[in-house]
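Below is one structure, written out as structure tokens; the observations come after it.
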Amino acid sequence: MSEMNKQKSKSHTSGENHTSLKTTLIFTMTLGVLILLSWFAVFFLFLERS
Amino acid sequence: MHIHKYEKIWLIFGVGSLVLFLGVIGVAAFAFGHQPPSHMATVDAENLDQDPVFSEPGLTKIDESTYRATLVAQAFGYNPNRIEVPEGSTVLFEVTSADVVHSFTIPGTNVNFMVTPGHVNMAEHTFNEPGEYLVLCNEYCGTGHHYMSMTIEVVPR
């Protein structure tokens, strides 16, 4: 029984390690940069008009 | 606790942006005195004709280049509906409503705020370019909403 548990947790851990977050990072950063750019665009428009 | 390297990157990015945005708001509010258009100044909306300021709305001169415009918004217009200031003047707008929620919007400037009954809504703007400035109601206030406007005439010095 304990042997089985061991095996199970082992395979589970190795599965997690294979998960790649590279695309998630690219998407998150793209979204973040878009939000920052649009925020600054509106902020400079505000400064320009005051 | 194990955090993935990439997760660390976007957490730092997220928290960093939050600090940046809150910092900008803090500096604008405490160092430059930016405030919301309704400065918690109140007025009795049902008895505006007895109010010392709003019973006679209009333009008053504070100093050589500063004016105070007290205006009453009411369906479907502003009182007075035309003011005239010289070029380069800073106008402090103090606007209230005698009935429903209106707005006071000068297109192309940062003056764009709600006019709520019972509140004195304020904004200021320096008119550096001479010309005729249109003021519009931006808040649907009834069947004549699209007719609600006034004019600010900025004359050359």
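For B:V95, neighbours were defined as the other residues whose beta-carbon sits under 14 Å from its Cβ, and their charges (Lys and Arg +1, Asp and Glu -1) total -4. Remark: mean inter-chain Cβ contacts per residue of B:103-112 equal 1, using a 10 Å Cβ-Cβ cutoff to other protein chain atoms. The mean number of partner chain beta-carbon atoms within 10 angstrom of a residue's beta-carbon across peptide B:13-25 is 2. Taking other C-beta atoms within 10 Å as the exposure proxy, B:E153, B:E94, B:E46 rank B:E46, B:E153, B:E94 from fewest upward. Considering only Cα atoms, the convex hull volume of the protein assembly as shown works out to 213 Å³ per residue. Calculated on the alpha-carbon coordinates, the convex hull of the range B:73-155 measures out at 74 cubic angstrom per residue. Peptide A:20-31 shows a mean partner chain C-beta count of 3 within 10 Å per residue C-beta.
Reachable aspartates and glutamates from A:K22, Cα under 14 Å, same-chain residues fewer than 8 places away excluded? Leaving aside aspartates and glutamates fewer than 8 places away in the same chain, those within reach of A:K22 are B:E7. Using alpha-carbon pairs under 8 Å, 6+ residues apart, how would you state the relative contact order of the range B:67-157 in percent? Computed value for the range B:67-157: 35 percent relative contact order. Counting only the Cα atoms, the range B:1-117 fills a convex hull of 191 Å³ per residue.
Values in this text are rule-based calculations from the coordinates and carry no lab data. Quantities reported herein were computed from a predicted structural model and do not represent experimental measurements. FYI the Cβ positions are ideal-geometry reconstructions off the backbone, even for glycines, and counts take in every protein chain you see.
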